[in-house]
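The structure appears below as structure tokens.
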Amino acid sequence: MEDTIAAVSTAYGEGGIGVVRISGENAKQVLDRIFVSDFSLDNRKLTYGHVVDPENGEIVDEVLAVFMKAPNTYTREDVAEIDTHGSVVSLRKTLSLALANGARAAEKGEFTKRAFLNGRLDLSQAEAVMDVISAKTDRTFDVAVGQLEGRLSAEIKSIRKEIMDVLVNITVNIDYPDEDIELVVYNDLSNRISQIGDMIEKLIDTADTGRMIREGISIAIIGKPNVGKSSLMNALLRESRAIVTEIPGTTRDTIEESLSIKNIPVKLIDTAGIRDADDEIEKIGIERSKESFNAADLIIFMIDASDALDDEDMKIIDTIGERQVIVLANKTDLGRETCGGKIKTLLPKATVIETCMKDRSGVEEIENEIESLVYGGKVKQNESLLVTNARHEALLREANKALSDAKSMTDRGEALDFIDIDIKRSYELLGQIIGETVEEDVLNEVFSRFCLGK
Ligand code: GDP
């Protein structure tokens, strides 16, 4: 028998309500011991009452509770939920009572793991649960919900079906070889493997965009003092919806800002914060922004268009080197001494945009440029089937490699039972995405990234 598990499923903090969730065979028993009500606790009926400590009769909180009988529940087990007031104390006390009365503390992601093990979700859907919870922009959310609903699973299943057809075909030919049809078999096989490979490659092509949509991109703004960097930060922040910081109560980092540009989560790093400092705490902050600058996905380099490039600009150009950069020729209202041409010779890969932060012109172009860099021309802007998960991407690449090995062997006319091995391997690798052929340690790894109570 599986343990009955319990956890606080809402975020800790101050809220109108908070939820303690209990799942497993003893869920009803645990609830009966700590929940007291004048009403009968019918299946799926939200019931008014109190959480009471059975040891001493002390009332913990006034609550609503519900019991949901298996199998139509999140975990497919018996589930009980208690809506307490959203106070850390009430939640903590209610949870300890559940734990003292027959439940054990759930591990991270354990509810969702059970939903997976009991066949309610496949593995890619279970992984999407966490993405839905942590989504910061509408776009990220849509992609995650699509995956939760099984869009990726459906595509993987249809590719696997194609592979299975090929495998069946090969098996027939291995078992009943017929010299006369062999040539036809090989040509046909090679074509079919290519077609399946193309389907996988189409998914792989979405992975870069998928990763950026999910994890966001970091952009470092660099330029000499007074060139207009803060004005740019402010303009971008004003135009876009700022993202709520993850941990409430932490002091807002003045050097980094999180926002959403065209529905892409973006972390802006103002390198104005990178300067010499005596203060120890300030030094730590500066070290951090230097690291973020080095790790940034994209650099925005701002120059004064009304003036010639000076030594300071040249030093920055050296620092940028070969990295991805958008150059903003700012203060165009004051003159156009340095615009596109000159910069292009120094930074051939740069996109140059003329801006004037005084009247905020050019901001829309910057946003469009960021958007087109993220989508890279390969992915449609409204495409909701994107591979966002590094585990999935790695498996797709391996499966594709196995298929391309199988194709090379086919083209060389090697024995079918060798070719068969690689094709089977691609079938199994794709199966790992949806969790059909997956090892215990992979499962533990996947669910350890979840939060408690999910
Ligand atoms: P930072 O030191 O790079 O962060 O530069 P700021 O954003 O603080 O701007 C320095 C000064 O330049 C401020 O007085 C801004 O109002 C001004 N400034 C910024 N952009 C423009 C622009 O496009 N045209 C003009 N005329 N002034 C600007």
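The values are calculated or read from the model by the stated rules, or taken from the named source; none is laboratory data. Model, not experiment: these values are computed from the prediction. Cβ sites come from the backbone with ideal geometry, for glycine too, and all protein chains shown count toward neighbours. To get the accessible areas, we keep the full protein, side chains included, count just its heavy atoms, and leave off ligands, DNA and RNA. Shrake-Rupley method; radii C 1.70, N 1.55, O 1.52, S 1.80 Å.
Got at least one residue in segment 337-356 being more than 29 Å from Ile217 (Cβ to Cβ), within 16 Å of the ligand (Cβ to nearest atom) and modelled with pLDDT under 95?
Looking for residues that are more than 29 Å from Ile217 (Cβ to Cβ), within 16 Å of the ligand (Cβ to nearest atom) and modelled with pLDDT under 95, one finds at least one in segment 337-356, hence yes.
When residues of segment 383-440 are filtered for being open to solvent by less than 20 Å² (accessible area, probe 1.4 Å) and under 30 Å from Arg139 (Cα atoms), how many remain?
Summing the residues that are open to solvent by less than 20 Å² (accessible area, probe 1.4 Å) and under 30 Å from Arg139 (Cα atoms) in segment 383-440 gives 14.
Need the failing condition index for Ser289 against (1) modelled with pLDDT under 90; (2) more than 21 Å from Thr355 (Cα to Cα); (3) open to solvent by 20 Å² or more (accessible area, probe 1.4 Å), just the number.
Of everything listed in (1) modelled with pLDDT under 90; (2) more than 21 Å from Thr355 (Cα to Cα); (3) open to solvent by 20 Å² or more (accessible area, probe 1.4 Å), Ser289 misses just condition (3).
Restricting segment 246-269 to residues that are open to solvent by less than 20 Å² (accessible area, probe 1.4 Å) and within 16 Å of the ligand (Cβ to nearest atom), which is modelled with the lowest pLDDT? Reasoning before the result, please.
Of the residues in segment 246-269, the ones open to solvent by less than 20 Å² (accessible area, probe 1.4 Å) are 259-261, 264-266, 268-269.
From what is left, the residues that are within 16 Å of the ligand (Cβ to nearest atom) are 268-269.
On the way: Leu268: 88, Ile269: 85.
By that ranking, first place goes to Ile269.
Being modelled with pLDDT under 95, touching a strand residue (DSSP E or B) at 6+ places or on another chain (Cβ under 9 Å) and of a type in the set (Asp, Glu) narrows it down to one residue among Asp175, Asp138; which is it? Even if it seems obvious, please write down each step before you answer.
On the way: Asp175 fails: touching a strand residue (DSSP E or B) at 6+ places or on another chain (Cβ under 9 Å).
The match here is Asp138.
Pairs, please: C-beta under 7 Å, at least 6 apart or cross-chain, first residue on the phi < 0 side of the Ramachandran plot and buried (at least 24 other Cβ atoms within 10 Å of the Cβ) and in segment 19-39, second basic (Lys, Arg) and in a helix (DSSP H, G or I)?
From segment 19-39, the pairs are Ser23/Arg114.
Out of all the residues in segment 214-245, which are among the acidic types (Asp, Glu) and either at pLDDT 90 or above or under 15 Å from Ala296 (Cα atoms) (or both)?
Correct list: Glu215 only.
Write out, first by first residue and then by second, each pair whose Cβ atoms fall under 6 Å of each other, whose residues are 6+ apart or on separate chains, and whose first residue, in segment 361-379, is within 16 Å of Ser260 (Cβ to Cβ) while the second is of a type in the set (Lys, Arg).
Glu367/Lys262; Glu371/Lys262
Taking only segment 55-78 into account, find how many residues are in contact with a His (Cβ under 7 Å, 6 or more places away or on another chain) and of a type in the set (Gly, Ala, Ser).
Our first condition is that a residue be in contact with a His (Cβ under 7 Å, 6 or more places away or on another chain); within segment 55-78, this holds for 59, 61-63.
Narrowing further to those that are of a type in the set (Gly, Ala, Ser): none.
Number satisfying all stated conditions: 0.
Within segment 294-315, restricting attention to residues that are hydrophobic (A, V, I, L, M, F, W, C) and surrounded by 21 or more Cβ atoms within 10 Å (Cβ to Cβ), which residue is nearest to the ligand (Cβ to nearest atom)?
Met302
If you scan segment 85-106, which residues turn out to be closer than 18 Å to Ala11 by Cβ and open to solvent by 50 Å² or more (accessible area, probe 1.4 Å)? Show your work before the answer.
Start the filter on segment 85-106 by keeping residues that are closer than 18 Å to Ala11 by Cβ, which leaves 85-95, 105-106.
Across segment 85-106, the qualifying residues are His85, Val88, Val89, Arg92, Lys93, Ala105.
Considering only segment 69-78, I want to know if a residue exists there that is open to solvent by 50 Å² or more (accessible area, probe 1.4 Å) and either in a strand (DSSP E or B) or within 30 Å of Gly197 (Cβ to Cβ) (or both).
So far as segment 69-78 goes, no, none of its residues is open to solvent by 50 Å² or more (accessible area, probe 1.4 Å) and either in a strand (DSSP E or B) or within 30 Å of Gly197 (Cβ to Cβ) (or both).
Looking only at residues that are open to solvent by 70 Å² or more (accessible area, probe 1.4 Å) and either within 16 Å of the ligand (Cβ to nearest atom) or assigned to a helix (DSSP H, G or I) (or both) in segment 316-328, which one is farthest from Asn294 (Cα to Cα)? Full working, then the answer.
In the first step, residues of segment 316-328 are kept if they are open to solvent by 70 Å² or more (accessible area, probe 1.4 Å); the result is 318-319, 322, 324.
Now narrow it down to the ones that are either within 16 Å of the ligand (Cβ to nearest atom) or assigned to a helix (DSSP H, G or I) (or both): 318-319.
Values: Asp318: 13, Thr319: 10 Å.
So, considering only residues that are open to solvent by 70 Å² or more (accessible area, probe 1.4 Å) and either within 16 Å of the ligand (Cβ to nearest atom) or assigned to a helix (DSSP H, G or I) (or both), the one farthest from Asn294 (Cα to Cα) is Asp318.
Just to be sure I understand, how many residues within segment 291-318 are closer than 24 Å to Lys267 by Cα and not acidic (Asp, Glu)?
The number of residues fulfilling the criteria is 13.
Out of Asp310, Asp297, Asp359, which single residue is at pLDDT 90 or above and either β-branched (Val, Ile, Thr) or touching a Lys or Arg at 6+ places or on another chain (Cβ under 8 Å) (or both)?
Numbers: Asp297 fails: either β-branched (Val, Ile, Thr) or touching a Lys or Arg at 6+ places or on another chain (Cβ under 8 Å) (or both); Asp359 fails: either β-branched (Val, Ile, Thr) or touching a Lys or Arg at 6+ places or on another chain (Cβ under 8 Å) (or both).
Exactly one residue qualifies, and that residue is Asp310.
Quick check on Gly216: is it farther than 30 Å from Ile316 by Cα, away from the ligand (no atom under 16 Å from the Cβ) and surrounded by 18 or more Cβ atoms within 10 Å (Cβ to Cβ)?
Details: farther than 30 Å from Ile316 by Cα: no; away from the ligand (no atom under 16 Å from the Cβ): yes; surrounded by 18 or more Cβ atoms within 10 Å (Cβ to Cβ): yes.
Criteria not met by Gly216.
What is the number of the single condition among (1) at positive phi; (2) surrounded by fewer than 17 Cβ atoms within 10 Å (Cβ to Cβ) that Lys331 does not meet?
Going through (1) at positive phi; (2) surrounded by fewer than 17 Cβ atoms within 10 Å (Cβ to Cβ) one by one, Lys331 breaks only (2).
Exactly one condition in (1) part of a strand (DSSP E or B); (2) in contact with a Leu (Cβ under 9 Å, 6 or more places away or on another chain) is not met by Glu107; state its number.
The failed condition is (1).
With the structure loaded, tell me whether Val52 is more than 30 Å from Glu445 (Cβ to Cβ), in contact with a His (Cβ under 7 Å, 6 or more places away or on another chain) and in contact (Cβ under 8 Å) with a residue 12 or more places away in the chain or whether it fails that test. Spell out the reasoning first.
Working: more than 30 Å from Glu445 (Cβ to Cβ): yes; in contact with a His (Cβ under 7 Å, 6 or more places away or on another chain): no; in contact (Cβ under 8 Å) with a residue 12 or more places away in the chain: yes.
For Val52, the condition - more than 30 Å from Glu445 (Cβ to Cβ), in contact with a His (Cβ under 7 Å, 6 or more places away or on another chain) and in contact (Cβ under 8 Å) with a residue 12 or more places away in the chain - is not met.
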